[in-house]
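Before any comments, here is the structure.
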Amino acid sequence: TYFERDILMPQLEKLNVQGFKYDGYVARITDVKSYFDENMRLLDEENLDALFSVNPIYTKIRDDNPTRYIGAAKAKNVMTSDGCVIEGEVENSILFRGVKVGKGAKVKNCVLMQDTVVEPGASVEYVISDKRVTITAEKEVRGTDTFPVYIAKHQVV
């Protein structure tokens, strides 16, 4: 079922449909792969500026500490939110509020949502985790660029 084709178009003569020209950043997210790809595009500063520079985006207030990088932590091309604690390595990833990456853990090409925990020694690549997911110590979870792995809310892997 498609909204435009199956619902809107048959009703056009009954509805007052108007248009608005928009020249800004647009992303069409239709599945897990496109969600992953569009998030990864935001790691490019040009795309990030195109999305967020025109109008402010308001979110829930959850005042927390800025991201903390502890010990031998390494981060490269990462977007982090407040409350994150990174002790391991993170590369080409987006970390939502309160994500914790344990000592010796490796996170690469991931979108980790709120309060995800990657325990010490774990390795995740091409993963989308929903809220409050835990990747236990020494586990390896690996998707691919063409098929990222999705982990549902509150799961322990």
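Over the chain, with a Gaussian network built from C-alpha contacts below 10 Å, which listed residue (41, 62, 142) shows the highest mean-square fluctuation?
It is 62.
First compute the accessible area of the chain with a 1.4 Å probe, then give the percent of it belonging to carbon and sulfur atoms.
Using a 1.4 Å probe with all protein chains present, the chain comes out at 52 percent carbon and sulfur.
What is the diffusion coefficient of the stretch 10-55 in µm²/s, taking the Kirkwood radius over Cα pairs and the Stokes-Einstein relation at 20 °C with a viscosity of 1.002 mPa s?
Stokes-Einstein gives a translational diffusion coefficient of 164 µm²/s.
When only the heavy atoms of the protein chains count and the probe is 1.4 Å, how do 63, 145 rank by accessible area, highest first?
Solvent-accessible surface, decreasing: 63, 145.
Taking amide H positions as placed 1.01 Å from N in the peptide plane, with prolines and chain starts having none, which residues 5 or more places from residue 105, or on another chain, fall under 5 Å of its amide H?
Close amide H contacts, sequence-distant or interchain: 88, 89, 121, 122.
Quick check for you: with a 1.4 Å probe and neighbouring chains kept, what is the accessible area per residue of the stretch 1-123, in Å²?
Here the per-residue accessible area is 68 Å².
Ignoring ligands and nucleic acids, what accessible area does residue 82 show with a 1.4 Å probe (Å², nearest 10)?
50 Å²
Excluding residues fewer than 8 places away in the same chain, name every one of the aspartates and glutamates whose C-alpha is closer than 19 Å to that of residue 100.
63, 64, 82, 87, 89, 91, 115, 119, 125, 130, 138, 140
To the nearest 10 degrees, how steep is helix 32-41 against the longest Cα principal axis of the chain, on a 0 to 90 scale?
So the helix axis and the longest Cα principal axis differ by about 80 degrees.
Pairs of alpha-carbon atoms within less than 8 angstrom and 6+ residues apart define the contacts here; what relative contact order does the stretch 65-157 have, in percent?
18 percent
To the nearest µm²/s, what D does Stokes-Einstein give for the chain at 37 °C and 0.692 mPa s, using the Kirkwood radius over alpha carbon pairs as Rh?
The estimated diffusion coefficient comes to 190 µm²/s.
The values are calculated or read from the model by the stated rules, or taken from the named source; none is laboratory data. Not measured: the values here are computed from a predicted model. For the accessible areas, the whole protein counts, side chains as well, though only heavy atoms, and no ligand, DNA or RNA atoms are used. Shrake-Rupley method; radii C 1.70, N 1.55, O 1.52, S 1.80 Å.
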